[in-house]
């Protein structure tokens, strides 16, 4: 939706001047930048062994005008593969013990581990339009256009425009590929039905070239408590794609969405001045994920849950849902910060006057380096180092 003001701002002068008009990056970031404010109030009931018995959550999100497209009601779980995925996560308990041993023997670096489930339900509606943002959509359309791999090269996806698609739907909500593929499937089946009488009337079998003319048809992190630097050591993702349309494409979608989510939870902060103007309007002030953000060990497994009559070609979305899994990085960082605060309380109890280092704290999102550094209790660390240096001088 945020692209509409930019498109309108360019379209008007382009129409008046009959020349190409574009918006520079800084103007685009000032116009479209922002994060949805959110407030969550919750209460949890649990037993002495830690098992949760009840959860009451009230979420308030200022997301503008919202329409729900899916029909699933709260509590419905028509197909639920989460327990299987949960059990397949590799050696979580053993790795948690390794993290505890590391934290006990390392003073200035702390590690955290987290395991987060994600359920992202969507449904589809038939429409032929789409914005060609990536080759993945076009490749999926080509695959849906034929049931034979030998005919893939015979299909070409043409660029969408407002002449051929006047009322196209938005590209978003992880429904673009499925909507487009369903439209192609409906057209394909309709053409097959109409051409069958022609095929049966042919005297002999003919090849495509002779008959058809050319046409356009799932965290393990380490935190440096002196600097706030966060390193993602390992990530394991098991993702249920239904029956994947193209595993190679879905794999790239999952990896890319996850890294984008890491940017949301750990790096990308949109700041405004007192006049409401975005001040993080360039890469100097607005930090996005880089090659150093990618986990050092990145394991992704696609779980194919098979055929399903109510899903388009039995597939599931793989564009936006993996972004939610990046919350595991935030949770793991919070666990590491919690360990750092515990250590500082033990080592410098005489130096924490007026400073709250309790284990119950709210780590802001995004948890940028200065934020992590502050919540690790940097001021107390500095006092501890001063005390340690003084002790060494007295020896």
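Each reported figure results from applying straightforward, stated rules to the coordinates on display, with no laboratory input. None of these values were measured; they are calculated from a predicted model. Note that each Cβ is placed from the backbone with ideal geometry, even for glycine, and that neighbours are counted across all protein chains shown.
Starting from the 7 Å offset along Cα-to-Cβ, what nm value, one decimal, do you get for the label separation of residue 279 and residue 94?
5.0
Using only the Cα atoms, what convex hull volume per residue in Å³ does segment 1-66 have?
Roughly 126 Å³ of hull volume per residue.
Quick one: which of 38-49, 270-281, 363-374 comes out on top by average Cβ neighbours within 10 Å, and what's the full order, highest first? Please list the in-between numbers first.
Numbers: 38-49: 8.7, 270-281: 11.9, 363-374: 17.0.
Per-residue mean Cβ counts within 10 Å order the peptides as 363-374, 270-281, 38-49.
One quarter of the convex hull surface, Cα atoms only: what value does that give for segment 249-309 in nm²?
Taking a quarter of the hull surface, the average projection is 7.1 nm².
Which of the peptides 288-298, 108-118 is most tightly packed, and how do the rest follow, going by the mean number of other Cβ atoms within 10 Å of each residue?
Per-residue mean Cβ counts within 10 Å order the peptides as 108-118, 288-298.
Mind giving me the nanometre distance, one decimal, between the label points for residue 185 and residue 365, set 7 Å out from Cα along Cα→Cβ?
With each label placed 7 Å out from Cα toward Cβ, I get 3.3 nm.
By how many nm would the segment from residue 23 to residue 105 lengthen if fully extended, with 0.36 nm per residue of separation less the alpha-carbon distance? List each step's numbers first, then the result.
Working: separation 82, 0.36 × 82 = 29.52 nm, distance 5.31 nm.
Computed gain between residue 23 and residue 105 is 24.2 nm.
If r is the Cβ-Cβ distance from residue 48 to residue 271 and R0 is 51 Å, what FRET efficiency results, to the nearest 0.05?
The pair residue 48/residue 271 has a calculated efficiency of 0.70.
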